[in-house]
Amino acid sequence: MSLTLTVDGDRWRTHLRAVAAAHPGLVPVVKGNGYGFGLHRLARRAAWLGVDTIAVGTYEELPEVATRFDGDLLVLTPWRPFGAALELEPALARRVVHTVGRTEDLAGLLDRDPDARFVLERLTSMRRHGFSAPGLREAADLLRARGFSEGDRRLRGVALHLPLTRGEHLPEVHRLLDNVVAAGLGTPTVWVSHLTDAELVSLATSHADFGFRPRIGTALWLGDRGALRVTATVLDVHRLARGDVYGYRARHAARGGHLLVVSGGTAHGIGLESPTGEGSLRSRAGTVARGGLDAVGVVRSPFTVDGKPRLFAEPPHMQASMLLLPEGAAVPAVGDEVDVRVRFTATQFDRVVVT
Ligand SMILES: *Cc1c(COP(=O)(O)O)cnc(C)c1O
């Protein structure tokens, strides 16, 4: 009855261990929908991996992971003098490592919590958050003015969030690390995202005085897709003759076949993407022009039935989707499972089964 993620447990755990072994200092990223697995499950898995720190996306995510993982909790959203960052329970606050990207926030955080632990984020070509090169020097000055000396345990390092351009980061990272050295921060730790293994190896050699902490989500949790299977359940099957009426909008079937009702709808994140590309728009217009029909059946669904992706009969509903199965295709039975292609980071599964 569900949209289900089935995980081949042995294979998944083998992959997780291999990633951890290949990335000393690994910081698993446990954020959002928990990459489809759920934050609670990934927090426990990270504890099992034996890492000392995990990264969450937001302050709001902390409570769900904090009871399942008892190490340090890096928050990737930068600290600001408003919102959930100011509402941390003291016991939780002691385990948090804040991300700070503006001088005024560094002052504000230390004013509120002189014992706060933090990383200073350096703005990268992503231009999401972080200090400029002069900003980083200003932050270093502020810390010295507040009595921080080299090796102060509150300053946990510098963070670099790099774009997804695989294998092209090194010139930028070298430049940013020069800024870190020039700022005289005296911290040896650099938290990085989206560097390839080869880039990490190269940096470990070229900057042996730094320790790099790779923050990895997708390549860790979703890195072995063969360990993961997503299925929906066939909930109903109706014979359709040409001209039959169906659906919320009383559409008419353009041809005979079967109408399948499968689990998984908008509430799960199914089919939220609109049909892409000019081609599909044009073909849809063509369908309308040719038969005076509405745009029935031109949007491909992520559900695979009898070996082929099938068309939506109409836009997905909250908890279910209606599909068109043409004449000649093998008709599944109620209760059968069909495969579904999903974006894991945008899907809410009803069930996650780890075998
Ligand atoms: C989400 C995020 C990551 C992890 O990204 P993946 O592509 O899932 O590995 C790393 N660093 C930062 C700052 C992030 O926001």
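The values are calculated or read from the model by the stated rules, or taken from the named source; none is laboratory data. Just so we're clear, the structure is a prediction, and the values are computed from it rather than from any experiment. Cβ sites come from the backbone with ideal geometry, for glycine too, and all protein chains shown count toward neighbours.
Scanning segment 1-28 for residues that are free of Cβ contacts under 8 Å to residues at least 24 places away in the same chain and not in a helix (DSSP H, G or I) yields a count of 1.
Between 236, 178, 244, the distinction of being among the acidic types (Asp, Glu) and either touching a Phe, Trp or Tyr at 6+ places or on another chain (Cβ under 7 Å) or within 19 Å of residue 130 (Cβ to Cβ) (or both) belongs to 178 only.
Among the residues examined, residue 200 qualifies as in contact (Cβ under 8 Å) with a residue 60 or more places away in the chain and in a helix (DSSP H, G or I).
Taking the criterion of being among the polar types (S, T, N, Q) and surrounded by 21 or more Cβ atoms within 10 Å (Cβ to Cβ), the only residue of segment 298-317 that qualifies is 301. Listed by first and then second residue, the pairs with beta-carbon distance under 9 Å, at least 6 apart or on different chains, first residue in segment 145-169 and within 18 Å of residue 117 (Cβ to Cβ) and in the same structural domain as residue 196 (by TED's automatic domain parsing), second of a type in the set (D, E, K, R) and assigned to a loop (DSSP other than H, G, I, E, B), are 148/154; 154/115.
Yes or no, residue by residue, for (1) within 16 Å of the ligand (Cβ to nearest atom); (2) surrounded by 15 or more Cβ atoms within 10 Å (Cβ to Cβ); (3) polar (S, T, N, Q):
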residue: 145; (1), (2), (3): no, no, no
residue: 153; (1), (2), (3): no, no, no
residue: 156; (1), (2), (3): yes, yes, no
residue: 160; (1), (2), (3): yes, yes, no
residue: 170; (1), (2), (3): no, yes, no
residue: 183; (1), (2), (3): no, yes, no
residue: 189; (1), (2), (3): yes, yes, yes
residue: 194; (1), (2), (3): yes, yes, no
residue: 199; (1), (2), (3): yes, yes, no
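Determine if segment 241-249 includes at least one residue that is under 30 Å from residue 140 (Cα atoms) and not in a loop (DSSP other than H, G, I, E, B). No, the conditions are met nowhere in segment 241-249.
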